[in-house]
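What follows is a single structure, written as structure tokens, with notes after it.
The values are calculated or read from the model by the stated rules, or taken from the named source; none is laboratory data. Please read these numbers as outputs of a predicted model, since none were measured by experiment. Cβ placement follows ideal geometry from the backbone for every residue including glycine, while neighbour counts extend to all protein chains displayed. Accessible surface is based on the protein model in full, side chains and every heavy atom, while ligands, DNA and RNA are left aside. Shrake-Rupley method; radii C 1.70, N 1.55, O 1.52, S 1.80 Å.
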Protein chains: 2
Amino acid sequence: MNHKDPIAILRSHNLRVTDCRIAVLQHFMKTDHALSQGDLEENYSEFDRVTLYRTLQNFLEKGILHRIPDDSGFASYGLCFETCTPDGHHHDHLHFKCSDCGHIQCLEQTHVPKIKLPKQFQVDHIDLIIEGTCSDCQHA
Amino acid sequence: MNHKDPIAILRSHNLRVTDCRIAVLQHFMKTDHALSQGDLEENYSEFDRVTLYRTLQNFLEKGILHRIPDDSGFASYGLCFETCTPDGHHHDHLHFKCSDCGHIQCLEQTHVPKIKLPKQFQVDHIDLIIEGTCSDCQHA
DNA sequence: ACTTTTATGCAATAATGTTGCATGAATAAA
DNA sequence: TTTATTCATGCAACATTATTGCATAAAAGT
């Protein structure tokens, strides 16, 4: 889904096509890192905080966005891929967080390794966050 | 550090020994899952919210606790191990989050696999969160 | 016991998350 | 293309969490 037309994406998920949703979706598509609600609020002051909040919630439910775990307390969001549906998210990629600029990006190429757990644990999915320095920040 | 005397732990990290710090530390030691600030507030209403907040911050800085990333927006905290110092956290374990009871536990036994990233990424540390069902919740 | 240093509680504020409801916009139906 | 219906939006309001400043109280050093 990553690089299609925003309107097509909305339609295919049974979401009404509105200015806010198009804007948010476009913003995600042109940005190479995860976005927080605050990021959106800064860029789209023409939309209400609550509308942006609900837009994110809707996109999460429909499997358009996924929430990225972060120890900062901020929630941030990234676009999902074709494997995600309203029934559930099915990710196999990992997230890289730069401790310098704070940006989080999804690394689609890199896959999450299988991990063996003791039998008493039933695994549903794995989140992998790698923290370090991104290329942009290594020369600063 | 996991199972030592709270007072000894505080002393060895150059922290004053106070009721609140002892209580919080003891609570972490007797609990098998990660705790949030809310958990502490419920259990220790005799201490101010802000004091508990600052206690957690101090413990983080000193390397007594580590923050566990979570996509729920709640921050939660777990005890560190001997490898952590005020200079940085050095963890090699993963976290299991039960989607049923919500508890997060540190699995010390299980190690985080090495992961190869493209060269432009400089890796500092890896956070691995596995979500699923814990043994207590599988029969419910 | 006294001094110095640091933690605590209280007040206050900011940011974020969340819900209800009236209105307006988007889709479906005629 | 107009009308009816469904749903998104904005506003108000509130809950929760995160955060800082400051006076006081408590801990450690002498």
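Chain B and chain A together bury an accessible surface of about 2800 square angstrom, both sides counted, with a 1.4 Å probe and no ligands or nucleic acids included. Taking every C-alpha pair closer than 8 Å and separated by at least 6 residues, the mean separation divided by the residue count of segment A:6-137 gives a relative contact order of 19 percent. Here the protein assembly as shown is assigned +1 on the Cβ of each Lys and Arg and -1 on the Cβ of each Asp and Glu. Its dipole about the Cα centre then comes out at about 340 debye.
Pairs over the 20 Å Cα-Cα cut-off, from the set B:Lys97/B:Lys119; A:Lys97/B:Lys114; A:Lys30/B:Lys116; B:Lys4/B:Lys114; A:Lys4/A:Lys30; A:Lys114/B:Lys119: B:Lys97/B:Lys119; A:Lys30/B:Lys116; B:Lys4/B:Lys114; A:Lys114/B:Lys119.
Mind giving me the FRET efficiency for A:Gln109 and B:Val123? R0 is 22 Å, r the Cβ-Cβ distance, nearest 0.05 is fine. Given R0 = 22 Å and the Cβ-Cβ separation, E is 0.90. For A:Gly102, inter-copy separations between label points set 7 Å beyond Cα along the Cβ vector come to 2.7 nm, shortest first.
Legend: mean number of C-beta atoms from other chains within 10 angstrom of residue C-beta atoms, peptide A:93-100, equals 3. On a per residue basis, chain A carries 55 Å² of accessible surface, using protein heavy atoms and a 1.4 Å probe.
Mind checking which of A:Lys116, A:Lys97, A:Lys62 has the largest fluctuation in a GNM of chain A, springs on alpha carbons under 10 Å? Result for chain A, Cα springs under 10 Å: A:Lys116 fluctuates most. In nanometres and ascending order, the distances from the A:Asp124 label point to those of the other copies are 3.0 (point 7 Å from Cα along Cα→Cβ). Each of A:Gly132, A:Leu117, A:Ala34 was scored by the projection of its Cα onto the charge dipole of segment A:6-137, and the greatest displacement toward the positive side belongs to A:Leu117; charges sit on the C-beta of Lys, Arg, Asp and Glu. Let me know the shape class of chain B, please: from the alpha-carbon gyration tensor, a ≥ b ≥ c as square roots of the eigenvalues, rounded when a/c is under 1.5, otherwise prolate if a/b is greater than b/c, or oblate. In terms of gyration-tensor shape, oblate.
Peptide B:112-121 has a mean of 5 when you count, residue by residue, the C-beta atoms of other protein chains within 10 Å of its C-beta.
Dipole size of chain B about its Cα centre, with +1 on Lys/Arg Cβ and -1 on Asp/Glu Cβ: approximately 520 debye, rounded to the nearest 20. For the protein assembly as shown, with equal point scatterers placed on the C-alpha atoms only and solvent neglected, what are the log10 I(q)/I(0) values from the Debye formula at q = 0.07, 0.11, 0.14, 0.17 1/Å, to two decimals? Ignoring solvent entirely, the Cα scatterers give -0.30, -0.72, -1.10, -1.41.
Counting only protein heavy atoms and a 1.4 Å probe, tell me what percentage of chain B's accessible area is made up of carbon and sulfur. Carbon and sulfur: 45 percent of the exposed surface of chain B.
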